[in-house]
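Report on the structure given below.
The values are calculated or read from the model by the stated rules, or taken from the named source; none is laboratory data. Just so it is clear, the structure is predicted and the values come from calculations on it, not from any experiment. Reconstructed Cβ throughout: ideal geometry from the backbone, glycine too, with neighbour counts over all protein chains shown.
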Amino acid sequence: MKKLYHNKFLFLTTLIIILSCLSYFSCSQDSIFYDISFEPSPKNPIIDGGPTNIIAVRNHVFAGSRMSNRVFAYGNRTGSLGWSEIAISGALGDLATDGQNLYALVFPGGDPLSASEIRRFNFQNSSWDTGATVPGYAIQTIYGAGNSIFVGIRSNPNSQNFSIAHYDTYSNSFSIIHQGTSLLTGAASGSSGIILATAGDGLFAYTGGGVTGPLIGTAGVNFTGISEVDGNIVALSSGGGIFHDVPGSFTSASVGVYFTGAMTVWQDPNNSFRPALLLMGIRGRGSSLNQGYREMVLNNGRPTFNVRIPGEGTPTSVVNRSRYSAAVGRHAVESILQIPDISNDGPIDYRVFSAEPGWEPPIFASTSSSGLWSYRNGEWNAED
């Protein structure tokens, strides 16, 4: 009798455990399936594959198809907003601006580890000027900060020897300002001057003739990107660290995601387009469901460490978290830009849409391999 009771007890206990497990996994799967139910109908992106970074200059937005010969411009064409294409010879790396001109990193032979040059787009005749090279080095990255252009270069004899060079836009030549460092991954101009980010050696300050650093609180950090936010500098690390400047150094916090370095200040359409959020691109590791971007809440335009998923709070850049999660939230975002007003080099006059309830400027995002995406009319989808 005892044995029978014992067996029944074991059976009931096992049954309860099994049912509990099924209930747990069912609930967790329900959330995933719920998000997927919001997945938008797929579109063919105007820029496929892995687009370049996205920049605004001269009332246009520019992005390219990386390692192709195509650059795209979004702006006013014959009275309406749309895309046009600019051909460029060689393989395109990335884009940059000094606030007045558009520059492209190009690999003439198609090999990033071989020949490379920087070309400026001539807006007067819609062509590319003669390129500039760094003898003995292969240019790997390009960034604009203030009125300056900086490039990350790699020594041709030694593939692990990186340096940073400043590009003189007037003489079309380079000067090496820092040697023996990690690859340059960003540049930003704030109230404290120009700060340069590297992939492993921290942040450095550009002084006009050279660099100083690494800056306090950043030594040895692998930075993926850097941006100016209301005069402040925000830098992101590959390991999920957010850094912003305080007098004399940088303070930081970790938020447990993997930042790509993509950043844009989001202006709240419901609050006179005041800066309210910093959108920061992320990539997942081991799961494609934890990608897209995160929102940092700005305090009167200044950076904080308050970070959340889009759609979780107010204000937010999306109308629905599940729609976000089922769309761009499934892709690594490598570059992101809320289209600026014409007063800030953008192609859109916000005042024209002031009478349209719920209107907000589009957001463009370059994904790692699924093309250019955009947020329009409350939905993320491929930009076509």
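Here are a few things to note about the model shown:
- Cβ-Cβ distances below 8 Å connect the following pairs, each with a first residue in segment 41-57 that is within 13 Å of Asp384 (Cβ to Cβ) and touching a residue at least 40 places away in the same chain (Cβ under 8 Å), a second residue that is buried (at least 18 other Cβ atoms within 10 Å of the Cβ) and aromatic (Phe, Trp, Tyr), and a separation of six or more residues or different chains: Pro45/Trp373; Ile46/Phe72; Ile47/Phe72.
- Members of segment 166-184 that are crowded, with 23+ Cβ neighbours inside 10 Å and within 22 Å of Asn222 (Cβ to Cβ): Leu184
- Positions within segment 330-366 being out of contact with any Ser or Thr (no Cβ under 9 Å at 6 or more places or on another chain) and either under 18 Å from Arg283 (Cβ atoms) or among the basic types (Lys, Arg) (or both), in sequence order: Arg351
- Annotation note: Cβ proximity below 8 Å between a residue of segment 219-232 that is in contact (Cβ under 8 Å) with a residue 12 or more places away in the chain and a residue that is of a type in the set (Lys, Arg) and surrounded by fewer than 17 Cβ atoms within 10 Å (Cβ to Cβ) (sequence gap 6+ or interchain) occurs for Val229/Arg302; Asp230/Arg302; Asn232/Arg302.
- Any hit, segment 117-135, residues being over 24 Å from Ile54 (Cα atoms) and at pLDDT 95 or above: yes
- Qualifying residue in segment 147-154 (condition: surrounded by fewer than 20 Cβ atoms within 10 Å (Cβ to Cβ), touching a strand residue (DSSP E or B) at 6+ places or on another chain (Cβ under 8 Å) and of a type in the set (D, E, K, R)): no
- Of residues in segment 301-325 being touching a Pro at 6+ places or on another chain (Cβ under 7 Å) and not in a loop (DSSP other than H, G, I, E, B), the one surrounded by the fewest Cβ atoms within 10 Å (Cβ to Cβ): Arg321
- Reported count of residues in segment 284-300, each being touching a strand residue (DSSP E or B) at 6+ places or on another chain (Cβ under 9 Å), at pLDDT below 95 and surrounded by 13 or more Cβ atoms within 10 Å (Cβ to Cβ), is 2.
- In the set Ile348, Ile336, only one residue is surrounded by 23 or more Cβ atoms within 10 Å (Cβ to Cβ) and touching a residue at least 60 places away in the same chain (Cβ under 8 Å); that residue is Ile336.
- For Ile54: the one exception among (1) surrounded by fewer than 19 Cβ atoms within 10 Å (Cβ to Cβ); (2) among the β-branched types (Val, Ile, Thr); (3) modelled with pLDDT of 90 or more: (1)
- Evaluating Gly240 against the criteria (1) touching a residue at least 24 places away in the same chain (Cβ under 8 Å); (2) within 18 Å of Ala199 (Cα to Cα); (3) of a type outside the set (Val, Ile, Thr) leaves one unmet condition, (1).
- Hits in segment 201-242 (condition: more than 27 Å from Gly284 (Cα to Cα), assigned to a strand (DSSP E or B) and not β-branched (Val, Ile, Thr)): Phe204, Ala205, Tyr206, Asn232
- Qualifying residue in segment 167-174 (condition: in contact with a Phe, Trp or Tyr (Cβ under 9 Å, 6 or more places away or on another chain), without any contact (Cβ under 8 Å) to a residue 40 or more places away in the chain, part of a strand (DSSP E or B) and not acidic (Asp, Glu)): no
- If only residues of segment 243-282 that are of a type in the set (Ser, Thr, Tyr) and in a strand (DSSP E or B) are counted, the one that is farthest from the chain's Cα centre (by Cα) is Ser249.
- Of note, Phe38 does not satisfy the criterion of being aromatic (Phe, Trp, Tyr), under 20 Å from the mean Cα position of the chain (by Cα) and at pLDDT 50 or above.
- Residue within segment 357-368 that is surrounded by fewer than 21 Cβ atoms within 10 Å (Cβ to Cβ), among the small types (Gly, Ala, Ser), modelled with pLDDT of 95 or more and part of a loop (DSSP other than H, G, I, E, B) present: yes
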